[in-house]
Amino acid sequence: MKKLYAHPSFLLLPTLILCTLLLYSPTQLSAQTGLAARYLPDAEKGKASALTGLASCYENGSGVAEDYNEALRLYTLAALRKDPQAIFRIGYYYETGQGGLQKDFAEAFKYYNVAAAEGNGGAMLYLAELYEEGQGCEKNFEKALKLYLLSCVGEYSAKGAKRCALALGMDTLTLPKSNFDAYRKYAVGDNPDTRAMYGLYNSYRFGRDGIEKNEEIALVWLEQAAEGGLTEAQAELGDYLFSKGQYAKAEKWLNKASLKGDQKSMELLADLISYGFSNASYTVDVVVNLYIGAGNFDKARSKYSNLNLISDSKLIEQQVTLFNYLNGASQPTPQPTPQSTPQTTFSGQSQSSAKEREPKRVLCSHCNGSGSICILQTVPTYGSHTNVKTRCKHCSELLVHGTVHIQRKCPHCQGKGYTLLY
């Protein structure tokens, strides 16, 4: 099984690309109310859903002053973390020319494609419109029809599907009458669609469109969608199996979803490893990086005590490193930069100056800077017995009779006594 995080030195990887990251000042925090104030704490820890939620607040002026440039900046940060809704909204900004971007249907098409592939309903609807009009792509009424039917956006989808059916010379009476019928149409056949499979899963799980609830059938479709590669299905299946105590199977799907940037899966996978439910061998660095990627800095610090000295902004930089690595290992998520906004880092430095920073040495928490650790070893007692304990000369730990400590090179810092943080 591929494990991207299993490299013990991953915590020390240098930042590959620094994107636009600005800390909020206390004055900005106090100016935010309602949903914006609720999203802010998680957004500051790099949680994609909170970044997207906060971006929506700036887009709609909810709890903050309306600001499309700031909304785009936050959507960009969430898109780096693979959030489909954020990727969709960036595409919309390209289509409409908002947030300082130049109107560009080809760029909008690219973003809609990425988000639609992960089942985002809004992206599927807007991508269908581009296919129908031939904007940013060649006209394709068949693809548009399918996207309209799978997008499930009510009246807009129904009207678009009818227009495409007429353009294809089809009888509109033969179109699916419900979302469930649309899912059944595209979930089977020579080229089954994972989004339709996931739709069937939800229909049977929640009893939608007049379908009777059936967990057994729902799980069959969820597994098929996960096997087909739909990230949301992989994440949900991993979560379900974890809750049922099927840890080996859960680890498989949580690992796959984590590799695609799903933050909830990262945290669950780290929990699974921490609780000792994995049969694989992991270092503490793996768990720490998963928690950092998930935006749970408290759990990361509980596993790596030296992180208590590291600010959230530094951990955000490490999180950005992780997601840049994920984007490089898979299909990169496009990241637009408004022409009027220079790129800066969390500390407000320009990119060029940030790249010139030197890494900081941090005392290794495992060996306390000595470069060596103690390994407990049993020694012969030759029949003598005593309750008196002896103190290790290296670490001062009290040892019972018949045991000693021997010194070994610290595997976490490779005997250096320190680690590097960028």
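Okay, here's what the table says:
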| quantity | calculated |
| --- | --- |
| Elements of type helices (runs of 4 or more DSSP H) contained in segment 137-242, each with 1 or more residues being assigned by TED's automatic domain parsing to the domain that holds D271, in contact (Cβ under 8 Å) with a residue 12 or more places away in the chain and among the basic types (K, R) | 141-151, 155-167, 179-187, 194-206 |
| Condition met for S347 (in a loop (DSSP other than H, G, I, E, B), modelled with pLDDT under 50 and either farther than 13 Å from L77 by Cα or out of contact with any strand residue (DSSP E or B) (no Cβ under 8 Å at 6 or more places or on another chain) (or both)) | yes |
| Selection count where residues are under 18 Å from D42 (Cα atoms) and of a type in the set (S, T, N, Q), scope segment 55-104 | 4 |
| Test: residue in segment 260-269 that is in contact (Cβ under 8 Å) with a residue 60 or more places away in the chain, in the same structural domain as A86 (by TED's automatic domain parsing) and surrounded by fewer than 24 Cβ atoms within 10 Å (Cβ to Cβ) | yes |
| Filtered residues of segment 47-104 (kept if among the basic types (K, R) and under 30 Å from E267 (Cα atoms)) | K47, R73, R81, K82, R89 |
| Residue selected from segment 286-325 under the condition of a type in the set (F, W, Y) and in contact (Cβ under 8 Å) with a residue 40 or more places away in the chain, by the criterion nearest to L268 (Cα to Cα) | F297 |
| Pairs with Cβ under 7 Å, 6+ apart, first in segment 54-72 and in contact (Cβ under 8 Å) with a residue 60 or more places away in the chain and assigned by TED's automatic domain parsing to the domain that holds Y111, second in a helix (DSSP H, G or I) and among the aromatic types (F, W, Y) | L72/Y93 |
| Residue tally, condition assigned to a helix (DSSP H, G or I) and surrounded by 24 or more Cβ atoms within 10 Å (Cβ to Cβ), over segment 289-306 | 7 |
| Number of positions in segment 296-314 that are charged (D, E, K, R) and closer than 11 Å to V284 by Cβ | 1 |
| Segment 40-53: number of residues that are closer than 16 Å to E66 by Cα and hydroxyl-bearing (S, T, Y) | 1 |
| Residue satisfying condition, being surrounded by 22 or more Cβ atoms within 10 Å (Cβ to Cβ) and more than 22 Å from D67 (Cβ to Cβ), within set A128, A106 | A128 |
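The values are calculated or read from the model by the stated rules, or taken from the named source; none is laboratory data. Just so you know, these numbers come straight off a predicted model, no measurement behind them. Here the Cβ is made from the backbone with ideal geometry for all residues, glycine too, and neighbour counts use every protein chain on show.
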